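J.: Dropping the structure in here first, questions after.
Throughout, read-outs are computed from the coordinates displayed, never taken from laboratory work. The model shown is predicted, which means the values in this text are computed figures rather than measured ones. Here the Cβ positions follow ideal geometry from the backbone for every residue, glycine too, while neighbour counts run over all protein chains shown.
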Amino acid sequence: MKFCKRYEDYIQGRREKELPAVGLKKLKKTLMRCRREFQSQNLHQDGGEGDGSKYNGNCAVCDGTFFPSLLKEMSAVVGCFNQRAQKLLELHLASGFHKYIMWFRGKSSQDHGAMIQEGKDLVAYAIINSIAMRKILKKYDKIHYSNRGQAFKSKALSMHIEILQSPWLCELMAFYINMRQGKTKNKAIVRLSGDCSLTFDDDGKPALSCGLFDSMKVEIDLTCSICLDTVFDPVALTCGHLFCYMCCCSAASVTIVDGLKAASPKAKCPLCRHEGVHAGAVHLDELNILLSHSCPDYWEKRLRTEREERVRQAKEHWQSLSRAFMGM
């Protein structure tokens, strides 16, 4: 089955959840109309068959509709995904009293198995929409003999609307691995987690892995690019890159007491060098739980080595506040 048909069937089956999607079929029709119009113009000008060799990649038919539509749809998909993922994870990590309040307000009607299924559905939703975007941009470049589709990918990354870039994707993957391994041994529930897993390479470095169909496999490296070790107390910036919390604070020139929200708007990601990515940083609590259970010896070692530095920074922070209060 072609991907376009598979994608339309997938989206149709989830209409009741009101999930926005990339309008793959509509965008392909726009590209086909563009191809026909160009070929017609080429035949008229040359008096023969056109081969598309004179196409310079600029197209009024597509540029006024294709990219604006795709941009709008991608923004809607990422916004919906982030909102639903955050709500699900907030419910799972809520304390007993907070869970009761959420239940009372009607936000907590799902049981354990339903929460796992919701997490898996959201991960699949992210991956399949990412495939759709990749394929339609590849189609654009093929028809226009250009690389503007690839350039749009870079633009999407800089605008943080590439769904695989979302920090919540990593959290969701860790979430339903935790749920699978944790509170139940029901085989029916275990099957809901599909092929999402935590893997280790030959050097013992972990990574999150999840596949969908035969055309897409997502792998998230869990190595901090600052200390070059497994992320400890992990945090994800809005550009999607993961770091140890203390490493990231140090790189942003802020203390762990002030936190990443105190970072300068001009502070750059240590990896991709994009600015303004610290204010929306997400603390990856589910990933923290998963790694602490999967790497207990390493976790205990890092906990001991970082405790002293955390205490030192906290003392310095309160001493500076005391001196400011006393006017010293």
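J.: Subtracting the Cα-Cα distance from 0.36 nm times the residue separation, let me have the gained length for LEU228 to LYS5 in nm, one decimal.
T.: Full extension of this stretch gives 76.0 nm more.
J.: Here's something else I'd like to know. Do any trypsin sites (Lys or Arg not before Pro) in the range 223-328 lie in a DSSP loop with no more than 12 other beta carbon atoms within 10 Å, and if so, which?
T.: Qualifying residues, ordered by number: LYS266, ARG273.
J.: Run the numbers for GLU308 and ALA279: contour at 0.36 nm per residue of separation, minus the present Cα-Cα distance, in nm.
T.: Going from the current span to full extension adds 7.8 nm.
J.: At R0 = 25 Å, how high is the FRET efficiency between MET32 and ASP121 if r is their beta carbon distance? Nearest 0.05 is fine.
T.: After rounding, the FRET efficiency stands at 0.20.
J.: Exceeding 19 Å between C-alpha atoms, which entries from my cross-link table qualify? They are LYS17/LYS153; LYS72/LYS155; LYS2/LYS29.
T.: Those over the limit are LYS17/LYS153.
J.: Roughly speaking, what is the stretch gain from LYS261 to ALA76, that is 0.36 nm per residue apart minus the C-alpha to C-alpha distance, in nm to one decimal?
T.: 64.1 nm
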